[in-house]
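Have a look at the structure below, then the notes.
Just so it is clear, none of the values below were taken in a lab; they were calculated from the coordinates. Model, not experiment: these values are computed from the prediction. All Cβ positions, even for glycine, are placed from backbone atoms using ideal geometry, and neighbour counts span all protein chains on display.
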Amino acid sequence: MKLLEYEAKQLLAQAQIGIPRGQVIYTRTDTPQLDFPVVLKSQVPTGGRGKAGGVVIIEDDKQLEADIRKLFNLPIQGLLPTVLLAEEKLAIQKEYYLSLLVDRATASIRLVAHPNGGVEVEANDTDGFLNVEINHDVIPEVAERLQTLFAYPPDPLVSLLYNLFAAFTKNDALLLEINPLIITKTGQLVCGDCKMELDNASAFRHPDWQFEHEPLDRNYVVLNPNGTIATIANGAGLAMATVDAVVARGMTPANFLDIGGGATTENVYEALAKLQEFFHLEAIIVNIFAGITRCDQIAQAIIDAQARLPHLPPIFIRLAGTNFEEAVALLTAKNIPTLTTLEECLDKAAEVNK
Ligand code: GDP
Ligand code: MN
C-alpha cells in the first residue's frame, strides 16, 4: 500500500523526524492557518508532481483560493487528488536524496543516498549514490559515510538514521523515500517530501493502519511493480500456488490477489482495475475453483469488466466447479477460451510473455 505524502509524514512525525508545519486541505473552501508563503502540494500516489505543476508556492492569500481550485482539478499522471497538503515554505539551503528499502535479493534493508536530491534526482550519475545495507547495529558507521557524502554534522544524521530505521521497521515498510531531505538556511534537517510503501502482508498486526484514501486490502500484495504476469485466484492457498506456478515457469508475477469466496461483478471489476497499476503486464491469469462461488458469475463479471477496461492485457481463465458449463457457454459466446488447468493458462501466458 502506497501512502500519500501527508500520511507518510504523519508516520515520520510519530518517529520524531522533522517535517514542515502543515495542514491537510480537504475541500476547495478550506483555508490553511499557516503564515505565508505557503507551499501547496497535490496528494496523489505518484511522483513527479513538481514537474507536473502539482507543487505550487503561494506568496499571499490573493492567489490562495484560485490555486487550491486549480490543484484539485489538475490530474497528475491521470490521477486527481482528493486532498491537498499545505505547508510552510522552507528556506532551502540544500536538497539531498535519502531512502530505505527492502532488498528482496539479499533479504536486507538498504540505504540509498545522494547529495543532490530534488526533482532531478534521476539525472544523477548512478556512481554518485551511496548504497549500503543498513541495520540497527551499523547505523553509526552508515551515518559517518552519510556525513562525508552530505558534508553535514554527524549528530543530527545519527539520530535521523535511528529514527528513520525505527519508522521503517515498526511500520513494516517496503520503501521510505525522502526526496528532498532539506537542510534549511538555519541548518535544520527537514523532510521536504516523503514516499512510503507499507507491506500489505503485515496488515494483520497493524490495527493502527487507518488511512483515509485507500481501504486496506489484506488480500492484495504487490510482488513486483515490473512484473509481467498478474494473478487472481480465490482462496489464499490457491492464490499462492498460482504465484508459485508463475515463478516456476520462469515468469515474473506482479501480484498476489485472493478475491475470496463471494466474487461479484463489482469485486472482479475492482480486482482487474487494480492491476492497471502495473505497466509491464503481458497477461492476467485467473484461477478459480468454484465451490460457493459460481463459475458463470465469475465469467460474466470478467466479460463485463473487460468491456469497461479495454486496455487490459489478455486474460487466461481457468475455471472448475459449480456451474462450469454455464460459464463455458458465456465465455464461448464472447470468443474467450475457457481453460481447465492452470498449466494451460501458463502455456498461453508464456506465449505472450516473450
Ligand atoms: P515531487 O515532485 O512529487 O517529488 O514533489 P516534492 O514535494 O519533492 O517537491 C518538488 C520540489 O518543490 C522540491 O524538490 C523543492 O525544490 C520544491 N519545494 C517543495 N517544498 C518546498 C518548500 O517548502 N520550499 C521551497 N523553497 N521549495 C519547495
Ligand atoms: Mn519529491
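Show me, for the range 335-341, the HN-Hα J-couplings you get by feeding each phi into the Karplus relation (A = 6.51, B = -1.76, C = 1.60, θ = phi - 60°), rounded to Hz, glycine and proline as x.
6, 9, x, 9, 9, 9, 10
With unit charges on the beta carbon (Lys/Arg positive, Asp/Glu negative), name the residue among 90, 143, 39 whose Cα is farthest towards the positive pole of the charge dipole of the chain.
39
Using a simple charge model, +1 on the beta-carbon of Lys and Arg, -1 on the beta-carbon of Asp and Glu, nothing else, what dipole does the range 136-240 show about its Cα centre, in debye to the nearest 20?
Details: 6 positive and 13 negative charges, 11 e Å.
Computed about the Cα centre, the dipole is about 60 debye.
With Cβ to Cβ distances under 15 Å as the rule, what net charge do the other residues near residue 298 carry (K, R +1; D, E -1)? Spell out each step's value before the answer.
Working: positive: 294, 318, 334; negative: 258, 266, 270, 296, 304, 325, 326.
Here the count lands on -4.
Using Cα-Cα distances under 8 Å and only pairs 6 or more residues apart, what relative contact order does the range 48-104 have, in percent? Don't jump to the answer; show the numbers that get you there.
Details: 22 pairs, mean separation 13.1, N = 57.
Averaging sequence separation for qualifying contacts and normalising by length gives 23 percent for the range 48-104.
With each run of n ≥ 4 DSSP H residues scored as -39500 (n - 2.57), what mean residue ellipticity at 222 nm is computed for the chain after dividing by its residue count and rounding to the nearest 500 deg cm²/dmol?
Working: 9 runs with 109 residues, N = 354.
After summing the helix terms and dividing by residue count, I get -9500 deg cm²/dmol.
Name the residue farthest towards the positive end of the dipole of the chain from the options 109, 209, 298, assuming +1 on Cβ of Lys and Arg, -1 on Cβ of Asp and Glu, about the Cα centre.
298
I'd like the orientation of helix 154-170 relative to the chain: the angle between its Cα long axis and the longest Cα principal axis, in ° from 0 to 90, rounded to 10.
Approximately 20 degrees, to the nearest 10.
Could you run the Karplus curve 6.51 cos²θ - 1.76 cosθ + 1.60 with θ = phi - 60° over the range 85-100 and give me ³J(HN,Hα) per residue in whole Hz, x for Gly and Pro?
10, 9, 9, 4, 7, 8, 8, 8, 9, 8, 10, 10, 10, 8, 8, 10
Can you tell me the length gained on complete extension of the stretch residue 270 to residue 236, counting 0.36 nm per residue apart and subtracting the Cα distance?
Numbers: separation 34, 0.36 × 34 = 12.24 nm, distance 1.78 nm.
Computed gain between residue 270 and residue 236 is 10.5 nm.
Between 288, 336, 109, which gets the highest mean-square fluctuation from a Gaussian network model of the chain, Cα cutoff 10 Å?
It is 336.
Counting pairs of alpha carbon atoms under 8 Å apart in space and at least six apart in sequence, what relative contact order in percent does the chain give? It would help to have the intermediate numbers written out before the result.
Values: 681 pairs, mean separation 44.8, N = 354.
In percent, rounded to a whole number, it is 13.
Where the only charges are on Cβ atoms (+1 Lys, Arg; -1 Asp, Glu), what is the dipole of the range 199-292 about its Cα centre, to the nearest 20 debye? Spell out each step's value before the answer.
Working: 4 positive and 11 negative charges, 66 e Å.
Taking the Cα centre of the range 199-292 as origin, the dipole is about 320 debye.
Dipole magnitude of the range 1-109 about its Cα centre, charges +1 at Lys/Arg Cβ and -1 at Asp/Glu Cβ only, in debye to the nearest 20? Can you show the working numbers first?
Numbers: 13 positive and 13 negative charges, 77 e Å.
My answer is approximately 360 debye.
Count the net charge of all other residues whose Cβ sits under 14 Å from the Cβ of residue 53, scoring Lys and Arg as +1 and Asp and Glu as -1. Walk me through the numbers before you get to the answer.
Details: positive: 41, 49, 51, 69, 70; negative: 67.
Residues near residue 53 contribute +4 overall.
Counting only the backbone N, which residues of the range 21-39 are under 19 Å from the spot 7 Å out from the Cα of residue 70 toward its beta-carbon?
Under 19 Å, as judged by backbone N against the label point of residue 70, lie 25-32, 36-39 of the range 21-39.
Looking only at the range 215-354, where both bridge partners belong to it, what percent of the DSSP beta bridges are antiparallel (to the nearest 5)?
Working: 3 of 19 bridges.
The antiparallel proportion sits near 15 percent.
Taking amide hydrogens as modeled 1.01 Å from N in the peptide plane, which residues meet the under 5 Å criterion relative to residue 109, leaving out close sequence neighbours?
HN-HN under 5 Å from residue 109: 103, 134.
Restricting to the chain, what percent of DSSP beta bridges are antiparallel, rounded to 5? Numbers along the way, then the final one.
Working: 45 of 61 bridges.
Taking every DSSP beta bridge within the chain, about 75 percent pair in antiparallel fashion.
When a/c reaches 1.5 or more, the comparison of a/b and b/c decides; with that in mind, is the range 182-330 rounded, prolate or oblate per its Cα gyration tensor? Mind showing how you got there, number by number?
Numbers: a/c = 2.29, a/b = 2.09, b/c = 1.10.
Prolate.
Select from 245, 105, 327 the residue whose mean-square fluctuation is largest in a Gaussian network model of the chain (Cα-Cα springs shorter than 10 Å).
Its mean-square fluctuation being the largest, the pick is 105.
How large is ³J(HN,Hα) for each residue in the range 177-189, as worked out from phi by the Karplus curve 6.51 cos²θ - 1.76 cosθ + 1.60 (θ = phi - 60°), to whole Hz, x for Gly and Pro?
Values per residue, Gly and Pro as x: 10, 10, 8, x, 8, 9, 9, 7, 4, 9, x, 7, 9 Hz.
Report the local net charge at residue 135: Lys and Arg +1, Asp and Glu -1, summed over other residues whose C-beta lies under 15 Å from its C-beta.
So the surrounding residues net to -1.
Exceeding 32 Å between C-alpha atoms, which entries from my cross-link table qualify? They are 170/354; 70/185; 185/274.
Working: 170/354 40 Å; 70/185 30 Å; 185/274 43 Å.
In this structure, 170/354; 185/274 lie more than 32 Å apart at Cα.
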